[in-house]
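Let me begin by presenting the structure, written as structure tokens, before commenting on it.
The values are calculated or read from the model by the stated rules, or taken from the named source; none is laboratory data. Since this is a predicted model, take the numbers as computed values, not measurements. Every residue, glycine as well, gets a Cβ built from its backbone with ideal geometry; the counts of neighbours run over all protein chains shown.
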Amino acid sequence: MPTLTLYDAVGAALTEEMRRDSSVIAFGEGIATKRRELVDEFGGLRVRNTPLAEGIIAGTAVGAAATGLRPVVDLLFAPFLCYAMDELVNSAGKLRYMSGGQFSFPLVTLAMTGAGWGVGAQHNHNVEAWFVHSPGLKVVMPSTPADAKALLKSAIRDDNPVLFFLDIGLLYQPGEVPADEQTLPLGRATVLRNGQDVTLVSYGKTVQHCQQAAETLAGQGIAAEVIDLRSLKPLDEAAILTSVGKTGRLVVVHEANRLCGIGAEIAALVAEQAFSSLKAPIVRLGGPDAPIAASYPLEQASVPQAATIAAAAARLCAAQPA
Amino acid sequence: MKPSHPASDPRQLLEQMLLIRAYEESIVSGSAAGKMPGTCTSVGQEAAAVGVVNALAADDLILTNHRSAGHLLARGADPGRLLAEVMGRRDGYCKGRSGSLHISAKELGVVLTSTIVGAELSMAPGVALSQTMLGRPGIVVCFFGDGAACEGSFHESLNLAALWNLPILYVCENNQWQAFVHRREAMSREHVADWAAAYSIPARTVEGNDVFAVLAAAQAAAAEVRDSRRPYLLETCTYRTRGHLEPDDQGYVDQAELAAWLARDPIAACRNRLLANGSLTPAQAAALADRVSTRIAVAQAFAEASPFPAAEELCRDVYA
């Protein structure tokens, strides 16, 4: 099986989908410069650099998507999405509904986020929950190159606007990627490790931290189940509920601010629908309500680490049910 | 329903303007009577809408904004379905989900209407990109106001359209008002057209209350976009003679300025000109007025008879 980085997996997905469907186009901040191979194969009309103007990039994608193209736009860093909020939230997310279903918006927005490069809070801000909270949008955040490729292919084929977040810390990690043109449905989580005692739910780079924590826990005789959500909307509620139904204990882990984050939604879901299964309180581990510092130790401290996750899970397993 | 053919008879232009006026006045009175929500009218701006829309071909695409009644009706929209939309009824163009402020009608080529000031400008390059890349002949017409021209999206849109050679006819309806603020308080220049030169986009202004002048200018502008496949900006200078959002007492309006513009009412000007040059007799003028009021009465009856959407439709059409 070929080995690719997540960054190259994105390029492979773009290449395959642009070959498959001539309505797929890609434009954004430096995409024609950095992904020269796409320009070489598909030409400068289908792969374009743009001004550094996120609003018009996203707005152009919205207009193009509504009238027959399938644009993929690269807005570089997630905090830059603030400049594109009207276009993504008010236009892409709402105009299908507001027009009574007359239009659909098959577009993908790529944005990088997360700790790893010490770029500071205006380049690193995990804003994915904002878009989960906005109707009409789908949200994906893969944790491996293979998933990134297969999910991006599905996102491009999807008739809805998809926010596709790339974790900076994972971008250049290599991983095995199937050579065939595999897709993965949006909205399906994956169970990376089976366990009976506690469920660790995560997405993005903290999936690896959960897997490391599960190793530590195994050494303590605790069998942790690790779930990678992969998509945040649609959310694979069944995968979460099935696992918690088995383990009775839940730790939700993400790098984004804990306050009103995805973890809060998952905790509420489990409290509402699996309360009787719970043997211990739900634990949420997430970033603080603070901008992310550039300084490396502070940046890393904002991310739930494996030791913290393992300790939280071990405490849950030690607690006796009431 | 397909886009209506451009008017070939000047009396049709007058009739379209009368229809727009009567339609919007019916919403104003319906709103005052508590039968409809308030709306943003384009009363006073009818010539600017009718002149431009009648310069377009059936395969051209229109993006518009919250003051869209003129564009929709001139394009051939059914006033009954429009009023049904305003009243939140199932037979509205958008199944009652839009209300008056964001009506799109894909079948008429009126795509992607947004009430977010400037959003139409942000989406127009994408629509034009589709036209270009998919080999469609139609050009894209983007209606916006002087308020939207003060948004960043105006400048970003013009820059990209010029850079990418996009066939967009930008039509700024400069109605002197940006919600409750006079254009003079908000714009560094007298005219929006002045800004187009910064992006190497040809532009001109036209007297927006003269439907014949607007039609001629728009025909020339549309022909230039069609031939060059590049953007052009036409600024129609007009005046919003009613308030921003009904009901509105217009207490903030300079009464002398309002009176001066009311004296230049586009409908009266057109009617008087046609009467004076013999294209229209007083009897024909009366017949036009009657036909329009009948159409509005029929439209109102249709809208009122249309059912509200069922509760099950609350979450339909959110996702494709």
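Conditions (1) away from chain B (no Cβ under 13 Å); (2) under 23 Å from the mean Cα position of the chain (by Cα), marked per residue:
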| position | (1), (2) |
| --- | --- |
| A:5 | yes, yes |
| A:11 | yes, yes |
| A:27 | no, yes |
| A:46 | no, no |
| A:63 | no, no |
| A:79 | yes, yes |
| A:91 | no, yes |
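Has the range B:60-69 got any residue that is crowded, with 23+ Cβ neighbours inside 10 Å, of a type outside the set (A, V, I, L, M, F, W, C), within 10 Å of chain A (Cβ to nearest Cβ) and in contact with a strand residue (DSSP E or B) (Cβ under 8 Å, 6 or more places away or on another chain)? No: zero hits.
For residue B:140, the stated conditions hold: it is crowded, with 24+ Cβ neighbours inside 10 Å, aliphatic (A, V, I, L, M) and more than 8 Å from chain A (Cβ to nearest Cβ).
Every residue, every condition in (1) more than 23 Å from residue B:301 (Cβ to Cβ); (2) in contact with a Gly (Cβ under 7 Å, 6 or more places away or on another chain), yes or no:
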| position | (1), (2) |
| --- | --- |
| B:57 | yes, yes |
| B:63 | yes, no |
| B:66 | yes, no |
| B:70 | no, no |
| B:73 | no, no |
| B:77 | no, no |
| B:84 | no, yes |
| B:88 | no, yes |
| B:91 | no, no |
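Scoring residue B:124 on the criteria (1) touching a residue at least 60 places away in the same chain (Cβ under 8 Å); (2) more than 7 Å from every other protein chain (Cβ to nearest Cβ); (3) within 27 Å of residue A:24 (Cβ to Cβ) leaves a single failure, condition (2). Residue pairs whose Cβ atoms lie under 6 Å apart, separated by 6 or more positions or on different chains, with the first residue in the range A:241-270 and without any contact (Cβ under 8 Å) to a residue 60 or more places away in the chain and under 19 Å from residue A:303 (Cα atoms) and the second of a type in the set (D, E, K, R) and surrounded by fewer than 17 Cβ atoms within 10 Å (Cβ to Cβ), are A:259/A:289.
Counting only strands (runs of 3 or more DSSP E) that sit wholly inside the range A:1-102, those with at least 2 residues that are without any contact (Cβ under 8 Å) to a residue 40 or more places away in the chain and crowded, with 19+ Cβ neighbours inside 10 Å are A:47-49. Counting only strands (runs of 3 or more DSSP E) that fall entirely inside the range A:109-189 and contain at least 3 residues that are modelled with pLDDT of 95 or more and of a type outside the set (Val, Ile, Thr), the qualifying elements are A:162-167, A:174-176. Criterion first (part of a strand (DSSP E or B) and within 13 Å of chain B (Cβ to nearest Cβ)) does residue A:106 satisfy it? It is false that residue A:106 is part of a strand (DSSP E or B) and within 13 Å of chain B (Cβ to nearest Cβ). All of B:262, B:234, B:275 fail the test of being crowded, with 18+ Cβ neighbours inside 10 Å, at negative phi and at pLDDT 95 or above, apart from B:234. Scanning the range B:147-166 for residues that are buried (at least 24 other Cβ atoms within 10 Å of the Cβ) and either away from chain A (no Cβ under 13 Å) or part of a strand (DSSP E or B) (or both) yields a total of 1. With the structure loaded, tell me whether residue A:207 is under 24 Å from residue A:275 (Cα atoms), in contact (Cβ under 8 Å) with a residue 40 or more places away in the chain and among the β-branched types (Val, Ile, Thr) or whether it fails that test. Spelling it out, it is not the case that residue A:207 is under 24 Å from residue A:275 (Cα atoms), in contact (Cβ under 8 Å) with a residue 40 or more places away in the chain and among the β-branched types (Val, Ile, Thr). Among the residues of the range A:264-300, count how many are surrounded by 15 or more Cβ atoms within 10 Å (Cβ to Cβ) and small (Gly, Ala, Ser). Number of matching residues: 9.
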